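FYI, it's all coordinate maths here, none of it is from the lab. The structure displayed is predicted, hence computed values, not measured ones. So basically every Cβ, Gly included, is an ideal-geometry build from the backbone, and we count neighbours across all protein chains shown.
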Amino acid sequence: MLDSQALDTLFRTARTQNGFLGQPVADEKIRALYELMKLGPTTMNTQPGRFVFVKSPAAKEKLRPALSPGNLDKTMAAPCTVIVAYDMHFYEFLPRTFPNNPNAKAIFEGKDAINQTVCLRNGSLQGAYLIIAARALGLDCGPMSGFDNAKVDAAFFPDGRWKSNFLCNLGSGDPAKVFPRNPRLTFEEACRIE
């Protein structure tokens, strides 16, 4: 079981960051983040999540036209913005990632409606794993959905195979730009035990 300090880091004191200090996010830290988050479970080990770590000024400029006004300044100033996406052809990797079922690829091949559900569900899980892994490695996160998916996809995924899900700014958060935590639903409001 994790100690109280670790739980604070991952959940209790962690906040959505709306501003970042100027410290860059090292490529080595990005690789370490992926090495942690890739271990989270997905359906049949499909791993449809794909991640573009937007760091360079040129890449940030490609992202700019897709951002909503409320997310523009903080995203352009963030040292790294992750495009959390998914691969509609995830099944091509199943012979290697799910070897215990030699027919796994055939379950999904050519079935776009089913694959869209698998991608969105499991890619979102992988995006959540990314946030937890980032926090565990000392990074602050600012996940968001205020952007134009079609513009992001046209700029970064023109072949249509990968599709954007959400964005997440990463870096060292600016404590002056953190909002107080908004109320959460109680257990009784959100849960049942049957």
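Of note:
- Boolean, Ala59 is touching a residue at least 60 places away in the same chain (Cβ under 8 Å), surrounded by 15 or more Cβ atoms within 10 Å (Cβ to Cβ) and aliphatic (A, V, I, L, M): no
- For the range 125-151, the set of residues classified as buried (at least 16 other Cβ atoms within 10 Å of the Cβ) and among the charged types (D, E, K, R) consists of Arg135, Asp140, Lys151, listed by residue number.
- All helices (runs of 4 or more DSSP H) inside the range 61-148 with 2 or more residues being within 13 Å of the chain's Cα centre (by Cα): 112-136
- For the range 26-53, taking the residues that are of a type in the set (Gly, Ala, Ser) and either surrounded by fewer than 16 Cβ atoms within 10 Å (Cβ to Cβ) or over 13 Å from the mean Cα position of the chain (by Cα) (or both), the one that is farthest from Gly123 (Cα to Cα) is identified as Ala26.
Matching residues to (1) without any contact (Cβ under 8 Å) to a residue 40 or more places away in the chain; (2) in contact with a strand residue (DSSP E or B) (Cβ under 6 Å, 6 or more places away or on another chain); (3) more than 18 Å from Gln47 (Cα to Cα); (4) hydroxyl-bearing (Ser, Thr, Tyr):
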| position | (1), (2), (3), (4) |
| --- | --- |
| Leu120 | no, no, no, no |
| Leu130 | no, no, no, no |
| Arg135 | no, no, yes, no |
| Gly173 | no, yes, yes, no |
| Glu189 | yes, no, yes, no |
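- Gln23 fulfils the conditions (1) crowded, with 17+ Cβ neighbours inside 10 Å; (2) in contact (Cβ under 8 Å) with a residue 24 or more places away in the chain except for a single criterion, (1).
- Count - residues of the range 1-17 that are in a loop (DSSP other than H, G, I, E, B) and in contact with a strand residue (DSSP E or B) (Cβ under 6 Å, 6 or more places away or on another chain): 1
- Residue ID - surrounded by the fewest Cβ atoms within 10 Å (Cβ to Cβ), chosen from residues in the range 96-118 that are touching a helix residue (DSSP H, G or I) at 6+ places or on another chain (Cβ under 6 Å) and more than 26 Å from Met144 (Cα to Cα): Glu109
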